[in-house]
Amino acid sequence: LEMLQAMDVVKTPPSVLAVANILVALWNIGGAVYGITVEIVSTTIELRTERFIFVYVNAIMAVLALVIFTVEVAAWSSCLHSANAYIRARFKFLSTILGRGIFLFFCAAVGLAHWAWWRSWLETGVASVALFACAMLNIAYGKIALEKFKKLKAGLKGDAFAKADLDHSGTLNRAELVALCERLGVPLNRREFELMVRTLDADGDGEVSTEEFERWYSA
């Protein structure tokens with residue numbers, strides 16, 4: 001128990017894929033804001049349907065990319081926990097493994113769908129393609145992680161939570177989850193562990209309660 005408590009699991013750096021998601025999200029936010037700014041500054045006051053669609057779609061892209069950024073960064077930034085909890089309470093699919101990847105795919109589709117209005121390949125085109133690539137990687141990782149989670153669930157017994165709760169706090173922290181995976185012989189890489197924590201930790205408070213564990217186990 002002392003060894004597990006000494007593990008700095010919570011502060012471990014994010015996986016490469018999580019960093020890629022964050023960077024691509026920032027790229028899309030910047031591209032969308034830049035596109036809107038250029039459109040507003042460089043055109044006349046005259047309202048045109050094409051101009052309205054361009055600004056509207058880019059505004060949607062900025063909001064969607066901001067959601068991606070918030071959900072990814074919230075795992076390491078306490079200042080975003082409330083925003084993350086708000087998003088996850090209203091968009092529960094973002095707490096699932098494949099839901100996040102499908103959401104990224106949807107965001108990329110929105111960006112790619114308005115290719116006729118791209119003002120620059122760098123600001124929107126390449127950013128949308130990069131987002132699409134991240135979506136495919138997230139879906140692939142999600143499927144692999146899902147199989148491992150099924151194996152992990154199959155190895156659990158009725159009193160699994162009590163045995164995993166080494167400090168008897170009534171919740172499982174990340175160190176205890178690591179120990180549980182190792183004890184059941186289901187090794188997870190950093191991204192798979194991130195997905196596991198986010199799948200079990202429905203309220204995003206950093207720990208898994210009995211109710212959250214039972215909800216995942218019985219699903």
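The values are calculated or read from the model by the stated rules, or taken from the named source; none is laboratory data. If you're wondering where the values come from, they're calculated on a predicted model, not measured in any experiment. Because the Cβ atoms are built from the backbone with ideal geometry, glycine has one as well, and the counts that use them run over all protein chains shown. Ligands, DNA and RNA are excluded from the accessible area calculation, which covers all protein heavy atoms including side chains. Shrake-Rupley method; radii C 1.70, N 1.55, O 1.52, S 1.80 Å.
Between residue 85 and residue 26, what's the calculated FRET efficiency when r is the beta-carbon distance and R0 is 22 Å? Round to 0.05.
Details: r = 22 Å, r/R0 = 0.99.
Once rounded, the FRET efficiency stands at 0.50.
Hey, what's the stretch 135-205 come to in accessible area per residue, 1.4 Å probe, Å²? Display every interim value, and only then the final one.
Values: 3370 Å² over 71 residues.
Roughly 47 Å² per residue, with all protein chains present.
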So how exposed is residue 136, as accessible area in Å² (1.4 Å probe, rounded to 10)?
80 Å²
Using modelled amide H (1.01 Å from N, peptide plane; none on Pro or chain starts), what sits under 5 Å from the amide H of residue 76, excluding residues fewer than 5 places away?
none
